[in-house]
Structure formats: structure tokens, C-alpha cells
Amino acid sequence: MILITGASGAVGSALLRELDGTEEVIALTHHKPVGTTSVRGDVTRPWLGLHPAEYRELAAKVDVVVHCAAAVNFSASHEHLHRVNVVGTGHVLRFVADAGARLVHGSTAFVARAGDGTPFDAYAATKATGETLVRESGLPACIARISTVIGDVPRLQAFHYLLGFALSGQLPFLPCTPGTRVDLVPRDAVAAALAALAHDHDARGDHWLTAGPAALPMERVIEIAIDAAAARAQDDEELRDIDQTIFHTRLIDPAVASTVLTAVLSRSSSSAAPSVIERAANLMAAYDNAEPFPTSLGRIPSGPPAPTVESSETALRHLTDYLTGLPRQTWELS
């Protein structure tokens, strides 16, 4: 039996769908019910938040744990990130040991960029610490380093908002060094890779679930977004006769953007909510001018094929189609 933590999230829910009908699965859920057998628990608590008898009963059944539960809000407090990504991982490792099970540990490719001073830093650091716990446990385990997940996810995440702001005409410029590549991976591909790792009794070490060399330049990402916005405008009477170039997001040097933002923010109230551009700048800092991630896709036994530029563009078009179909108020800042 496979136990999935974080089964209601972007990755966990896709993995449930991938395993549907092929494997006996049980989900550990904290808040939301999921469409499979589940137990209500909490990885941040001892015994996974279960009654000891329930914990022992579950441990007697489980052969593999796929740990997808994580705090992924980069602006969350360090205490919250540590509690979920480090303490929670420790509790999962204890369960894996008690169950005599194998572990597929969901991590992030951004651990490779931990310590670079970006807004991702606290998140990446806690995920890196979680990886260290896994390696030092001595348990049969592998680590899945996942990059930016895209698709029709249950809850929109940071990159979805960045693209949505661009699609809705709220992002006149984006701080980005020319040639910067943005590693995006469809959640269905991530789910297929995790399922393959869960079924591979010999899976060990690090596996990069990323686009790798097929990561798209940010210029191309914006081009595809502009095309999607133009297509949307043809179906919208309010937008049809407007010159669509006013909605085009332009890439500018991050140093210039920083100067502009500093000047603008110095004239703003200290209690003012962060602007769209400020939020976008914080997000892009983790991607800007960074070395591409490697990828293990195409080399995991029974896993998905290696991404190509064409498949990356197709996945991005599907995402833009999905985002343009969402209500306009989705992109309104509170």
C-alpha cells in the first residue's frame, strides 16, 4: 500500500489521479477530503497527528510513503516553513521506520539555489534541511527535486499569478536578465515520475523532476502569454478594439527595475500592499540568470519521457488557456 501525504495539493492530487485503479492508496489529509481512502492527520504533530492505535494500524499496512506535504508559500514565516518542511519530514521519517517502508520524498529543485539571497531562500533552506534528514536517516529513500509545477492545479501558486498578471495587462514590465530560462514542469509529468519511483523498489538518490535543457527563455514565455491574451481579446467585446500592445509585458534589467521600485516605494505608505510589479520582481529573483537545472525525466524506469522545447511550449499554452478562462477577479489584489 502507498501512503501519500499532502494528497490535496497540486502534486499530491495529481499523483492520486495517476495511481487511480492501479494501486491500493491511502491519503493522509490535514484539511481537505480527497477522492480516495484517507485518514485525517497532521505531519507537524507526533504520530502524524493520529491516535497511537490508528498510527500502528496504518504502519502495519504501508509499504511506500510518498511525502508531498509541504509549506510552499515563500512569504510564510520561517517558523511555519520549518515546522512543516523540517519537523514534518522528521515525523514522516519516523513513520517510515516504524512501518518498515520505503520513502519517496518530495523536495524542490530550488534547493540548488538556497543561500542566494532571494525571497525563495527560507523556503529552499528548509527543504534542503528536510533532504539532509532523509539522507542521514539511513532509510530506503529517494528524493524528488521538483521545479515549478504548472497545470490546472487545485490552488494557484506563485508562477500562475505572475503569468495571470501578465495575461490581464497588470504587468507592464518584468525584471529579468535576457536569456533567463524558467523551468516549468507539468504536474501530470511530476505525478507520473513519482508513481514510477514509488513502484521502483531500487529507487535511491536524487531525481530531478524538471524541464532541464527544455526550460523556456522568459522572452518565449511572455510571447506565448501575449498570444493567449490576444486570442482572449477577440472573444471579449470590451477588449476587441483596444490596441493589445498596451498589455505586453516587457523585460527590463533587474538593476533598473530595482532602482525604479525603490523610488516608487519610497513615496508609498509603509503599510501599502505590495504592488503587482514588486511581487513579480520577488518571484523572478529566484529564476533570474540562474544555471539551468539538470533533469532525470526520460531516465526514470517506467517514468515519463524527457521534456522537449515543443512539449514545454505545449504545456505552457495549456496553462495560459486555463488561466485566461478564470474569472477576472482572480487577478485582483486584495
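The values are calculated or read from the model by the stated rules, or taken from the named source; none is laboratory data. Since the structure is predicted, the reported quantities are computational estimates derived from the model, not experimental observations. Don't worry about glycine lacking a Cβ; one is built from the backbone with ideal geometry, like all the others, and counts go over all protein chains shown.
Values computed for the structure shown
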read-out	value
Qualifying residue in the range 96-107 (condition: more than 17 Å from the chain's Cα centre (by Cα) and either polar (S, T, N, Q) or closer than 19 Å to F293 by Cα (or both))	no
Inter-residue pairs, beta-carbon under 8 Å, first of a type in the set (K, R) and in the range 148-164, second buried (at least 22 other Cβ atoms within 10 Å of the Cβ), 6+ apart	R155/G9; R155/A10
Wholly within the range 167-221, strands (runs of 3 or more DSSP E) carrying at least 3 residues that are under 15 Å from E310 (Cα atoms) and touching a strand residue (DSSP E or B) at 6+ places or on another chain (Cβ under 9 Å)	184-186
Some residue of the range 5-13 being over 21 Å from L197 (Cα atoms) and not in a helix (DSSP H, G or I)	no
Qualifying position, being touching a residue at least 24 places away in the same chain (Cβ under 8 Å), under 23 Å from H201 (Cα atoms), loosely packed, with under 14 Cβ neighbours inside 10 Å and of a type outside the set (V, I, T), among A27, A60, A14, A69	A60
Residues being of a type outside the set (G, A, S), farther than 18 Å from S75 by Cβ and outside any helix (DSSP H, G or I) - total across the range 101-138	4
Candidates S302, S271, S258 - the one that is farther than 24 Å from R181 by Cα and modelled with pLDDT under 90	S271
Odd one out for F165 among (1) surrounded by fewer than 24 Cβ atoms within 10 Å (Cβ to Cβ); (2) under 26 Å from S296 (Cα atoms); (3) not polar (S, T, N, Q)	(2)
Some residue of the range 139-155 being assigned to a helix (DSSP H, G or I) and at positive phi	no
Subset of the range 305-320 (residues that are in a helix (DSSP H, G or I), over 13 Å from D183 (Cα atoms) and more than 19 Å from the chain's Cα centre (by Cα))	E310
Given (1) modelled with pLDDT of 90 or more; (2) surrounded by 21 or more Cβ atoms within 10 Å (Cβ to Cβ); (3) in contact with a strand residue (DSSP E or B) (Cβ under 8 Å, 6 or more places away or on another chain), index of the condition L81 fails	(3)
Tally of residues being surrounded by 14 or more Cβ atoms within 10 Å (Cβ to Cβ) and out of contact with any Leu (no Cβ under 9 Å at 6 or more places or on another chain) across the range 319-334	1
Failed condition for D206, given (1) buried (at least 21 other Cβ atoms within 10 Å of the Cβ); (2) farther than 25 Å from D321 by Cβ; (3) in contact with a Ser or Thr (Cβ under 9 Å, 6 or more places away or on another chain)	(1)
Residue count for the range 102-111, restricted to those that are touching a helix residue (DSSP H, G or I) at 6+ places or on another chain (Cβ under 8 Å) and touching a residue at least 60 places away in the same chain (Cβ under 8 Å)	4
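Yes/no per residue for (1) touching a Gly at 6+ places or on another chain (Cβ under 7 Å); (2) under 20 Å from Q157 (Cα atoms); (3) surrounded by fewer than 24 Cβ atoms within 10 Å (Cβ to Cβ):
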{"residue": "M1", "(1), (2), (3)": "no, no, yes"}
{"residue": "I4", "(1), (2), (3)": "yes, no, no"}
{"residue": "R40", "(1), (2), (3)": "no, no, yes"}
{"residue": "L103", "(1), (2), (3)": "no, no, no"}
